[in-house]
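Working notes, beginning with the structure itself.
Taken together, the values in this text are just the output of simple stated rules run on the coordinates, not laboratory data. It should be emphasised that the depicted structure is a prediction, and the values quoted were computed from it without experimental measurement. We place every Cβ from the backbone using ideal geometry, glycine too, and count neighbours over all the protein chains shown.
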Amino acid sequence: MEMKILGQEESAAKSGCAASSCGSNDDQLSHLPDHIREKVHNHPCYSEEAHHYFARMHVAVAPACNIQCHYCNRKYDCANESRPGVVSELLTPEQAIKKTLAVAAEIPQMTVLGIAGPGDPLANPERTFATFRALSEQAPDIKLCVSTNGLALPDCVDELAKHNIDHVTITINCVDPEVGAKIYPWIFWENRRIRGKKAAKILIERQQKGLEMLTERGILVKVNSVMIPGVNDEHLKEVSRIVKAKGAFLHNVMPLIAEAEHGTFYGIMGQRSPSSAELQALQDACAGDMNMMRHCRQCRADAVGLLGEDRGDEFTLDKIEEMNIDYSEAMKHRAEVHAKIEEELTRKNAEKAAAKQGTQFVSLSSLMPAKATRPVLMAVATSGGGMINQHFGHAREFLVYEASATGVRFIGHRKTDLYCSGNDTCGDGDSVLAQTIRALEGCEAVLCSKIGYEPWGMLEDAGIVPNGEHAMEPIEEAVAAVYREMLESGALDAPREEAKQATA
Amino acid sequence: MALSIIESCVNCWACEPICPSQAIFEARPHFIIDPKKCTECEGDHADPQCASICPIEGAILDALGEAVNAPGSLTGIPPHRMEAALAEIQAR
């Protein structure tokens, strides 16, 4: 047992910092007052930096829902799928408590327990609060959080405050009932099914009221929004302004996931998802008003582990049934692990501060051209540590950076398996390589430790320059170096489209 | 007069706590309504509660065996579009 935990600790340390973005972009949270930063600094979903060190888990105790969203299908459950609302095993509160304690003991980096579905947690108040009540008593070292559509939220705020739940996520896709009627076909409200604009108006009022009540009580609120092109994309800028004014501390704009095989309204009706470029443009537009979250992995309602990984298979009901957890013993070990992580974070921050004052900052900026040149997106294959250290073919996701005259910044991540790990049995049979190249749309270079002959050619044909020359170098410096090479070769003189034709 | 739940039920629990007659029970493969207890909410609510929150079209039948929520009435997906999409997926 002890050996196993040590092994996990090691692997967690190895996976360390996948994005060196946590170096350059953690001031995402820097404007926040100290008491809020204190709350989020070890929350993997809220802090860009923490998500490389701390793990989270969701327990699926809340199956019922009180609204219908056009991007959700209540019938769906596929183990290949990784997206919100999808779950394989519904738990009773007793099972959820046992599973949480088991995971916390086995994965000491797990600091956060969330209830996010598969329905709406607050439409299942008994099951949700029974879970929170027991865990806040038995495992006071685990942070509790909850996601909701907001309809039942105002009725639950007092109960939420009681269980020391200091993080709530509200999904707010609109503040205009006209827009809402295109997203929500119905809600169940005061014993009736209500449809159309009337339904959207009630839902919006309840969400806004819930947001105000939570912030009044000092409970942190993050707002999630699903970006639906042609439906709410422009509108989300207004949403961002309003929720910030009401005290939400973070806005997470996520791309719509809609495929016909999901059986959702949007999937069947052919509503398209936003491109990575559209998502980035909207996130940038909202960023002027709000702290934006760019590392969300849109995980399943029963995900377990570090962000972007799912170890749920190790903690199925039959497996946790056999585990005997001494939680007070586990808590001691957890405290040691947490202290070590904090130590490492403090050390890294100190190094970063020193580097900023020293040569690194100067050398980065001196790499940059004096005259204004166009920005370039580059994809990076990394398995952690802030280094370019992964083979192109092994990358399940790529981190995307933007290089420009002002420096290098983290933009987001692109998944290569597009939410589905099933191979021939589902999906449209496109080759994984073709899908990967499509996922990298908009990028002009891909930096990796190594790359095979076939993908090299296909990438070049797609106008993306493969680059294995910066293996084992820090990401930001390598991206800056490639940008400088592009500048010197004249690749930045031409706009992107022409550059693509020139290489084709 | 009683409603009934059929196999397309996804066991989501939404209906169980809101039945004013405690007529709904968790069961496998799907939840069931006790016909002796079900009043179709007459005297309690304007609409039968289970059928007003159920997200699955066709999962709840009225006393005549008709779906209370017809195809397309909850998701907004026209039935012919759903059929076409299913056929297209199967053909892959």
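Structure notes:
- Sorted ascending by nearby beta carbons within 10 Å, beginning with the fewest, B:L86, A:L345 become B:L86, A:L345.
- Residue mean of other protein chain beta carbons inside 10 Å, A:191-200: 3
- The mean sequence distance of close C-alpha pairs (under 8 Å, at least 6 residues apart), as a share of the length of segment A:150-258, puts its relative contact order at 32 percent.
- Neighbours of A:V380 by Cβ distance under 12 Å: Lys/Arg scored +1, Asp/Glu scored -1, total -4.
- By the count of neighbouring beta-carbon atoms within 10 Å, fewest first, A:L101, A:L160 end up ordered A:L101, A:L160.
- Candidate aspartates and glutamates for bridging to A:K75, where Cα separation is under 17 Å - those fewer than 8 sequence places away on the same chain excluded: A:E89, A:D120, A:E259, A:E261, A:D302, B:E7, B:E57, B:E83
- Entries in A:K182/A:K222; A:K348/A:K450; A:K340/A:K415; A:K197/A:K237 that, when Cα-Cα distance is taken, lie over 26 Å: A:K348/A:K450; A:K340/A:K415
- Here the 3J(HN,Hα) profile of segment A:55-65, calculated from phi with Karplus coefficients 6.51, -1.76 and 1.60 at θ = phi - 60°, is 10, 10, 9, 10, 10, 8, 10, 10, x, 6, 9 Hz, Gly and Pro shown as x.
- Tilt relative to chain B, helix B:79-90 - C-alpha long axis, 0 to 90 degrees, to 10: 60 degrees
- Remark: mean inter-chain Cβ contacts per residue of A:115-121 equal 1, using a 10 Å Cβ-Cβ cutoff to other protein chain atoms.
- Charge tally around A:E178: other residues with Cβ under 13 Å, Lys/Arg +1 each, Asp/Glu -1 each, net +1.
- Computed over every Cα-Cα pair of segment A:137-200 and binned at 10 Å starting from 0, the pair-distance distribution P(r) comes out as 18, 39, 27, 13, 3 percent.
- Kirkwood hydrodynamic radius of chain B, from inverse mean 1/r over distinct Cα pairs, in Å: 14.0 Å
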